[in-house]
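Here is the structure we will look at.
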């Protein structure tokens, strides 16, 4: 399923965290000892799978305004488009766009009765067939009925056949043979070319919300119809205003909503790109909840001291990493990428980011499964261990000879840029730690600071970086992240890696019909991804939120999808 990305925007770290790592940073091989590892495992076991203060719908107060902040203000509001595949955009689309299935805290999917009355997954004539019976009352905000045509148009835009579309991921869509009308326009019959294990994530935030066929029928429509605007919705809320000046989205109850009336009168999302300012706004009563990101123990402490507030945290499928551009001038050579991997001490960065965050301090050894997933295997091997001497040996063998402080080859310095978004202390610290570590290997790193709202669209998606740190926001269905992030040609394969062995291993996962076999194949693919050094995993991202105690059905969701119609206040 489609994985969303998140910059360090909203991820803050104190400058003093750098001092804890020493001047050189990399030379101190801070491997966790047995006691620290045991403590981390105990913390992991005690962290809940969901923390949202569940309250029955009838007991939630009717009315009120709920205000949240986001770090990055989008320009593209179509969640199918690669530019619309951001975490903050997803948060704002959830209350206004359809999801045909919903995940609970155990990553189990059930039909969303507001949009579908029945879903059948069957085998017919040797093929997997999923039949969606859409709710007769379900309509778009412009009055157009929601029908099979909407599902059909979304599939055609995302299946990869028309290269003019720019889907964030083709996974799942490319396995569909056809979507046809059933007994009526309200019945969509989806026939697959081959079995697809993670079919439940289609037409949900795991891939994309359902969008109207009228706005999905051509590359131009997907590109422009939701660019800086949201023309059509279908949810318990509708758009009252999009203020580009203040970067604020205001949602109000949709009186035409056919489901249960939303408890809240109004939902407000404000862009606050400075992480410390978000916590200040929460402490001042301007926000009803706020994310507490890794590397910000002072913000966590302050949030805990806010009257009538509480900390809600849960284990989630989100993770922090450093992406390595496989196509940049000096990183095309895999041995050089591996040298970079060996020279970066993941334990030092992880300890810096998670220090005093009351979160398990564990490095992540897998690109597919999180530490708390029963399918998790540490596949990092030797590459996951800091080894400065091995890094130097690989660079020597690749012809990069030490000349003074910086290695050179054919008269060129081995110099890399580490792109970071402005006003994001975590990224700044991570880049400076990496800079110090690679300096010891003779690699020069220049930190390049860019505007937060341009970080993905103008730099990451366009491949204008050597190294960059951000977070992948995962889904309850992990296998789909493999083709999206690591397969040749994917719009979300930001390092532009091209490894036939990795592609074949990913294809094998997609063809598996048994979940246990798929997990085994995914771990095999993961070993190859470590070897090509596409992405350097750091740690499972904390899902920690400070929330007013009176807020119901909202907090740290883990794998659960929010039901925005039930979010509200208890008093």
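Condition check ((1) surrounded by 13 or more Cβ atoms within 10 Å (Cβ to Cβ); (2) outside the structural domain of residue 560 (by TED's automatic domain parsing); (3) under 20 Å from residue 556 (Cα atoms); (4) within 20 Å of the chain's Cα centre (by Cα)) across all residues:
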site	(1), (2), (3), (4)
36	yes, yes, no, no
40	yes, yes, yes, no
53	yes, yes, yes, no
56	no, yes, yes, no
65	yes, no, yes, no
68	yes, no, yes, yes
71	yes, no, yes, yes
81	yes, yes, no, yes
84	yes, yes, no, yes
Problem set entry | Odd one out for residue 520 among (1) outside any strand (DSSP E or B); (2) buried (at least 19 other Cβ atoms within 10 Å of the Cβ) | (2)
Exercise. What tally of residues in the stretch 234-265 results from selecting those that are under 15 Å from residue 64 (Cβ atoms) and buried (at least 17 other Cβ atoms within 10 Å of the Cβ)?
Worked result: 9
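Results for (1) under 24 Å from residue 359 (Cβ atoms); (2) modelled with pLDDT of 95 or more; (3) assigned to a loop (DSSP other than H, G, I, E, B), shown as yes or no for each residue.
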| site | (1), (2), (3) |
| --- | --- |
| 256 | no, yes, yes |
| 259 | no, yes, yes |
| 262 | no, yes, yes |
| 273 | yes, no, yes |
| 278 | yes, no, no |
| 295 | yes, no, yes |
| 311 | yes, yes, no |
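Would you check if residue 475 is under 25 Å from residue 83 (Cβ atoms) and either free of Cβ contacts under 8 Å to residues at least 12 places away in the same chain or surrounded by fewer than 23 Cβ atoms within 10 Å (Cβ to Cβ) (or both)?
Values: under 25 Å from residue 83 (Cβ atoms): yes; either free of Cβ contacts under 8 Å to residues at least 12 places away in the same chain or surrounded by fewer than 23 Cβ atoms within 10 Å (Cβ to Cβ) (or both): no.
Against the criterion (under 25 Å from residue 83 (Cβ atoms) and either free of Cβ contacts under 8 Å to residues at least 12 places away in the same chain or surrounded by fewer than 23 Cβ atoms within 10 Å (Cβ to Cβ) (or both)), residue 475 does not qualify.
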For this session: Name every residue in the stretch 112-129 that is under 19 Å from residue 178 (Cα atoms) and outside any strand (DSSP E or B), in order of residue number.
Result: 125, 126
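Looking at the stretch 321-334, which of its residues are touching a residue at least 24 places away in the same chain (Cβ under 8 Å) and either assigned to a loop (DSSP other than H, G, I, E, B) or assigned by TED's automatic domain parsing to the domain that holds residue 550 (or both)? Before the answer, list the steps.
Looking only at the stretch 321-334, we keep the residues that are touching a residue at least 24 places away in the same chain (Cβ under 8 Å), and these are 321-328, 330-331, 333-334.
If the condition is that a residue be touching a residue at least 24 places away in the same chain (Cβ under 8 Å) and either assigned to a loop (DSSP other than H, G, I, E, B) or assigned by TED's automatic domain parsing to the domain that holds residue 550 (or both), then 325, 326, 327, 328, 330, 331, 333 are the ones that fit.
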For this session: Could you please find all residues in the stretch 327-341 being surrounded by fewer than 16 Cβ atoms within 10 Å (Cβ to Cβ) and either within 16 Å of residue 464 (Cβ to Cβ) or at pLDDT below 95 (or both)?
Result: 327, 329, 332
For this session: Could you tell me whether any residue of the stretch 445-462 is assigned by TED's automatic domain parsing to the domain that holds residue 327, closer than 20 Å to residue 485 by Cα and outside any helix (DSSP H, G or I)?
Result: yes
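Just checking, which of 181, 193, 224 is surrounded by fewer than 19 Cβ atoms within 10 Å (Cβ to Cβ) and either within 24 Å of the chain's Cα centre (by Cα) or modelled with pLDDT under 95 (or both)?
Working: 181 fails: either within 24 Å of the chain's Cα centre (by Cα) or modelled with pLDDT under 95 (or both); 193 fails: either within 24 Å of the chain's Cα centre (by Cα) or modelled with pLDDT under 95 (or both).
Exactly one residue qualifies, and that residue is 224.
Suppose we keep only residues that are in contact (Cβ under 8 Å) with a residue 40 or more places away in the chain and out of contact with any helix residue (DSSP H, G or I) (no Cβ under 7 Å at 6 or more places or on another chain) within the stretch 276-288. Which one would you say is nearest to residue 424 (Cα to Cα)? Please lay out each step first, then the result.
Of all residues in the stretch 276-288, those in contact (Cβ under 8 Å) with a residue 40 or more places away in the chain come to 276, 278-279, 281-282, 286-288.
Going one step further and asking which of them are out of contact with any helix residue (DSSP H, G or I) (no Cβ under 7 Å at 6 or more places or on another chain), we end up with 278, 281, 286, 288.
Values: 278: 12, 281: 17, 286: 21, 288: 22 Å.
Top of the filtered list is 278.
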Problem set entry | Among the candidates 364, 395, 388, 354, residue that is within 27 Å of residue 506 (Cβ to Cβ), in contact (Cβ under 8 Å) with a residue 12 or more places away in the chain and in the same structural domain as residue 519 (by TED's automatic domain parsing) | 364
For this session: Identify the residue in the stretch 272-288 that is touching a strand residue (DSSP E or B) at 6+ places or on another chain (Cβ under 7 Å) and surrounded by 20 or more Cβ atoms within 10 Å (Cβ to Cβ) and, among all such residues, is nearest to residue 60 (Cα to Cα).
Result: 288
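The values are calculated or read from the model by the stated rules, or taken from the named source; none is laboratory data. Model, not experiment: these values are computed from the prediction. Glycine also receives a Cβ, built like all others from the backbone with ideal geometry; neighbour counts cover every protein chain displayed.
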